[in-house]
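Values in this text are rule-based calculations from the coordinates and carry no lab data. Quick caveat: nothing in here was measured; it's all calculated off a predicted structure. Heads up, the Cβs are rebuilt from the backbone with ideal geometry, glycines too, and the neighbour counts pull from every protein chain shown.
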Amino acid sequence: MPAGPPEPPPLDPPVLPVFQRARAYCRESWHGALLYFLPRNFPQSVAPNYFAYTKWTVVNSVLGSMTGVLSTQALLFAVGLSATQAIGASAALNWVRSLCLSKLCFISSRFAHFR
């Protein structure tokens, strides 16, 4: 008796649609970021006001950076640069300033034991 058509190969398990995989990836990334930034044994190892303190520290950092850029921009505009030049120059100067200060702090911390 002639054999019928061959059996099709078994299908792989269904693949999640793209948006579901992206959502799962974001959830895993968020969880990984939280584990990276939060202290070890998080809920038990921090004071009850930890989130309030962290929130205001972040607000302070963001507003401090904005104030630095805006004040440098105003200073450069007062010196005579145009508004568009002052914006770019103030951002660049604040970026270089922060890099230089961080490098100087790092170097001074390494050589502090020579005193």
* How big is the convex hull of the Cα atoms of the stretch 11-74, per residue, in Å³? -> 160 Å³
* Highest-fluctuation residue, A22, A52, A83 considered, GNM on the chain with Cα pairs under 10 Å -> A22
* So what is the 222 nm mean residue ellipticity for the chain from helices alone, if each DSSP H run of at least 4 adds -39500 (n - 2.57) and you divide by all residues, rounding to the nearest 500 deg cm²/dmol? -> -24500 deg cm²/dmol
* Asked: Angle, helix 50-79 long axis vs. longest principal axis of the chain, Cα atoms, 0 to 90°, nearest 10?
  -> 60 degrees
* Structure fact -> In terms of the charge dipole of the stretch 17-115, which places +1 on Lys and Arg and -1 on Asp and Glu at the beta carbon, the residue among A52, W30, I87 farthest towards the positive end is W30
* Asked: Relative to the longest principal Cα axis of the chain, at what angle does helix 18-37 sit, 0 to 90 degrees, rounded to 10?
  -> 40 degrees
* To do: Using Cα centres only, tell me the gap between the stretch 52-115 and the stretch 15-39 in whole Å.
  => 32 Å
* **L75-F111 pseudo-label distance in nm [points 7 Å out on the Cα-to-Cβ vector]** => 2.5 nm
* **Helix axis angle, 83-110 relative to the chain longest principal axis, alpha carbon, degrees** => 90 degrees
* To do: Read through the labelled values (i) 19.3; (ii) 8.9; (iii) 6.0 and report the label of the one computed as mean projected area of the Cα convex hull in nm² from the structure.
  => (i)
